[in-house]
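Note sheet for the following structure.
No value in this document is a laboratory result; all are computed from the given coordinates. This structure is a prediction, so every number in the text was calculated from the model and none was measured. No Cβ is skipped: glycine too gets one built from the backbone with ideal geometry, and neighbour counts run over all protein chains shown.
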Amino acid sequence: ESTLGAAAAQSGRYFGAAIASGRLNDSVYTTIANREFNSVTAENEMKIDATEPQRGQFNFSAADRIYNWAVQNGKEVRGHTLAWHSQQPDWMRNLSGGALRQAMIDHINGVMAHYRGKIVQWDVVNEAFEDGNSGARRDSNLQRTGNDWIEVAFHTARAADPSAKLCYNDYNVENWNWAKTQAMYNMVRDFKQRGVPIDCVGFQSHFNSGSPYNSNFRTTLQNFAALGVDVAITELDIQGASPTTYANVVNDCLAVSRCLGITVWGVRDTDSWRSEQTPLLFDGNGNKKSAYTSVLNAL
Ligand code: XIL
């Protein structure tokens, strides 16, 4: 196959990218994005601050620009993200307790109603665990509403759009030996045992010198899949874009039947949130890097 999306489709998977609405009038960008990828994640446009800038007043203009571009070009869409400590609008950052809990529920219902039946996977909750060795939940206004905020979010999401796969998504959870990975594993196992509706786990996979790729990533994916959830690589970028590391990540996904697909977090290095790390598959001129060829050959 000659594109990433077509190559991934040979095994029933997708190959996606994070897309930014502000780049959709850049024809070099859209040409690559349309040719190579068959799944789209909005880099920022479906987040809480973008979709509910004032309480109860939803705005889907930027999100819909991405959604419509994706669907008009035959791509599936991952939703990102409904409940998160970051990129909250000011009105939400200032809420706490029962009012914040209700605002979270209303937000999930409002966004999921707009896209009901149209989103293949939703990142319902993003980044709820602390970094480091504690294995604890991250402190946030949402966490302070009570430890059950995550399962409430998933129950709400299931009722709002029963056709979407509901994912928990986090970073620094790729290495099986890390406390954060174990904490997430214990949560997912508990959710499955108690019937909390979770369908998938997203591994962001932002690999860099501080949190490097480890070959036990495949074990991590296998162990989560064995709990009865799908897994996905949701925000892949690799500092320096080592072709070997990119191929290893692809091979890890392909080795796990419940690995749904891979999303890279941007198109060209110059589009990346970490552009100084040149972590993506295309250079700033839109040329294929050696990591691109490595990924295509591995798929
Ligand atoms: C990042 C975007 O790429 C940036 O443009 C934005 O300024 C901050 O958020 N984990 C996530 C993503 O789940 O939503 C983040 O995206 C990167 C880390």
Around S294 (Cβ within 15 Å, Cβ-to-Cβ, excluding S294; K/R +1, D/E -1) the net charge comes to -3
Asserting the computed 222 nm helical MRE of the chain (DSSP H runs at least 4 long, -39500 (n - 2.57) per run, divided by residue count, to nearest 500) equals -11000 deg cm²/dmol
Given unit charges at Cβ for Lys, Arg (+) and Asp, Glu (-), the dipole magnitude of the chain about its Cα centre in debye, nearest 20, is 480 debye
Taking every alpha carbon pair in the range 170-299 and sorting the distances into 10 angstrom bins from 0 up to the bin holding the longest one, the percent per bin comes out as 13, 44, 29, 11, 2, 0
Taking 159-171, 93-105 and ranking on average Cβ neighbours within 10 Å, highest first, one gets 159-171, 93-105
Of 269-280, 79-90, ordering from highest average Cβ density within 10 Å down gives 79-90, 269-280
Beyond 13 Å, the calculated P(r) of the range 18-72 holds a percent of Cα-Cα pairs equal to 58 percent
Note, E1: beta-carbon cut-off 15 Å, +1 each Lys/Arg, -1 each Asp/Glu, net +2
For 116-122, 51-57, ranked highest to lowest by mean beta-carbon neighbours within 10 Å, the order is 116-122, 51-57
antiparallel share of DSSP beta bridges within the chain, to nearest 5, in %, is 10 percent
Expressed in nanometres to one decimal, the distance between label points 7 Å along Cα→Cβ at S86 and R194 is 2.7 nm
What one gets for the range 67-135 as the Kirkwood radius, inverse of mean 1/r over different Cα pairs in Å, is 14.0 Å
To the nearest 0.05, the calculated FRET efficiency linking N287 and D106 through their beta-carbon distance, R0 being 35 Å, is 0.15
When all Cα-Cα pair distances of the range 145-194 are considered, the percent exceeding 16 Å is 49 percent
Compactness summary of the range 148-230: radius of gyration and Dmax from Cα atoms, Å, are 13.3, 41
Taking the alpha-carbon centre of each part, the distance from the range 1-70 to the range 144-158 in Å is 27 Å
Pseudo-spin-label distance A255 to A6, built 7 Å along Cα→Cβ, given in nm, is 2.9 nm
For the range 10-138, the Debye formula with one identical point scatterer on each Cα and no solvent gives log10 I(q)/I(0) at q = 0.11, 0.17, 0.23 Å⁻¹ as -0.44, -0.92, -1.33
As a percent rounded to 5, the proportion of antiparallel DSSP bridges among beta bridges in the range 188-268 is 0 percent
Rounded to one decimal in nm, the spacing of the 7 Å Cα→Cβ label points at N297 and T270 is 2.8 nm
If each K or R counts +1 and each D or E counts -1, the residues other than D237 whose Cβ falls under 15 Å of its Cβ total -4
For the S27, Q72 Cβ pair and Förster radius 22 Å, calculated FRET efficiency rounded to 0.05 is 0.90
With the chain reduced to its Cα atoms and the Debye formula applied, log10 I(q)/I(0) at q = 0.06, 0.10, 0.11 1/Å amounts to -0.17, -0.50, -0.61
